[in-house]
Amino acid sequence: MRQLKNVVVVISIFIILASVFLLPIGLPEVARASGEKSKLSIHTSFDGGLSMSFIETAKPTVVKLLGGPGDNCWSLAAEIKQKSPSTLIIGRIYFSDEPTDGDAARRASEWWDRCRDVIENCPAVDYWEGYNEPPVGTVEQMRWIAQFEIARIRILADHGRKACIGSFSTGCPEIVQDGRPYDGIWREFYSAIDEANAHGGVLGLHEYSAPTMNDGFDSASGEGWLTGRYRKVYRWFLEPTGRGHTPLIITECGIDGGVIGRPNEGWKGFATKEQYFEQLKWYDGLLKQDYYVLGATIFCLEIPNWQSFDIAELMPELTRYVAGGVSTICGKVALQGRSNHAGATVTAGSVSVRTGSDGTFSIQVTPGTYEVRVTMPGYLYATKSISVSEGQTKDLGSVTLLGGDANNDNVVNIFDLTIVGAAYGTSPPSDPRADINNDNIVNIFDLVLVGGNYNKRAPSPWP
Ligand SMILES: [Ca+2]
Ligand SMILES: [Ca+2]
């Protein structure tokens, strides 16, 4: 008995060491993240011809328009959709005053009164922003903004339109107190996020850093305090509260000297255009890894009076980069023993997506050869090698992942049986790993998955 225990300890240590060494370490290089359509785009007032030419050639995932109520950029929204139907358009109507006092719902209705003509005449714009970089330093301020956004979402919905909510400035709101994650302010915004999700809206955040775009970024954790801060927000707050799928658009990004006390100084104060372009590609590499990020609009192009931020001279390279050839890999994953097949991770190169509840997935990659891999805790992974050419859509068909690998060591055996056995009959499960089919109880259905696949090893067969 004692000897058996020692064997178990030795094997456990071996498994732990193996998994530690197999963990991906640090931030993948840009080259490793190049397998998906770029998420970079422009934040523009269309004060020139570069913006439309970028959209037509690069067909970016998103674009952001900024203009006053009478500006001509709104008349171009329909043309954007014509030239690039898949590009999502975010609109921000500029006002010099954005009052945050008094009744929030009343302020939202005043906002609508000012915006109504533009919005009703501009059905091509997908999401309308409200206040830009509103004050959210305190719990009370965030509570007010949440009420304002909820009212705004409902007014827009009543008129068949959708909202982009938040628009918080870089590094805002606070997420740490006494050296620990602090959800006090974000929590006040959850009701607005839920309302946006219920009405097909999106969350908008701004991310700038300086003197380089990755200043304040920690490559060990893959998260930052300025750029990449959204990842902390999702991991700490939104994912644990069931809001991790909230679509996000980075509605302003770049280098802004304001974060280090050099306000109004854009990238031109800190980098050559070649250096800045490299930093933007680094940021794109981050965004591509997060399926919930729809795109990021660099501030700015063709907006008067922002010379130090203007990216006109980057446009030839940026256009070529964003336009890069795209292919699609799709298919369907069944999780044995489940009726809801959501949550399996499908990876091709450095790009990952999650399956929907019907098990389907779709990945955008650059042309090439890929080892596609499907993983799910509690299940034996599956893998398939394929090649896609430019513009091609390749359907990999259906694959069923075999269940029962409770400890995720790629084999179903006595260790998995022990885990299920130890938690048998518990609901909620005393050990979540034991609930293979995810129905919140450990019972015969989990045991049957282990028993039925006993001694089977990954990969699960992919016909
Ligand atoms: Ca196992
Ligand atoms: Ca179960």
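Readers should treat all values here as calculations from the given coordinates under stated rules, not as data from a laboratory. Everything quoted here is computed from the prediction, not taken from an experiment. Cβ atoms come from the backbone with ideal geometry, glycine included; neighbour counts cover every protein chain shown.
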Legend entry - S362 vs. criteria under 22 Å from the mean Cα position of the chain (by Cα), more than 16 Å from ligand 2 (Cβ to nearest atom) and among the hydroxyl-bearing types (S, T, Y): yes
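On the given criteria, is I255 under 22 Å from S38 (Cα atoms) and either touching a residue at least 60 places away in the same chain (Cβ under 8 Å) or crowded, with 18+ Cβ neighbours inside 10 Å (or both)? Reasoning before the result, please.
Working: under 22 Å from S38 (Cα atoms): yes; either touching a residue at least 60 places away in the same chain (Cβ under 8 Å) or crowded, with 18+ Cβ neighbours inside 10 Å (or both): yes.
Spelling it out, I255 is indeed under 22 Å from S38 (Cα atoms) and either touching a residue at least 60 places away in the same chain (Cβ under 8 Å) or crowded, with 18+ Cβ neighbours inside 10 Å (or both).
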Legend entry - the stretch 387-406, residues that are more than 16 Å from ligand 2 (Cβ to nearest atom) and surrounded by 13 or more Cβ atoms within 10 Å (Cβ to Cβ): V388, Q392, K394, L396, S398, V399, T400
Inset, instruction - Would you be able to say whether some residue in the stretch 243-258 is more than 26 Å from A196 (Cβ to Cβ) and assigned to a helix (DSSP H, G or I)? - result: yes
Legend entry - Residue count, the stretch 163-199 (criterion: among the hydroxyl-bearing types (S, T, Y) and surrounded by fewer than 20 Cβ atoms within 10 Å (Cβ to Cβ)): 4
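Please find, within the stretch 441-463, the residue that is nearest to D416 (Cα to Cα) out of those that are part of a helix (DSSP H, G or I) and of a type outside the set (F, W, Y). It would help to see each step written out before you state the result.
Going through the stretch 441-463, the residues part of a helix (DSSP H, G or I) turn out to be 444-452.
Cutting the leftovers down to of a type outside the set (F, W, Y) gives us 444, 446-452.
Values: I444: 14, D446: 10, L447: 9, V448: 12, L449: 10, V450: 7, G451: 10, G452: 12 Å.
Looking at residues that are part of a helix (DSSP H, G or I) and of a type outside the set (F, W, Y), I get V450.
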Legend entry - Single residue of R433, R373 found to be under 20 Å from A344 (Cβ atoms), within 16 Å of ligand 1 (Cβ to nearest atom), outside any loop (DSSP other than H, G, I, E, B) and not polar (S, T, N, Q): R433
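At least 1 residues that are of a type in the set (K, R) in each: list the strands (runs of 3 or more DSSP E) lying fully within the stretch 276-362 that qualify. Break it down stepwise before answering.
Numbers: elements: 293-301, 327-335, 345-348, 351-354.
The strands (runs of 3 or more DSSP E) meeting that bar are 327-335, 351-354.
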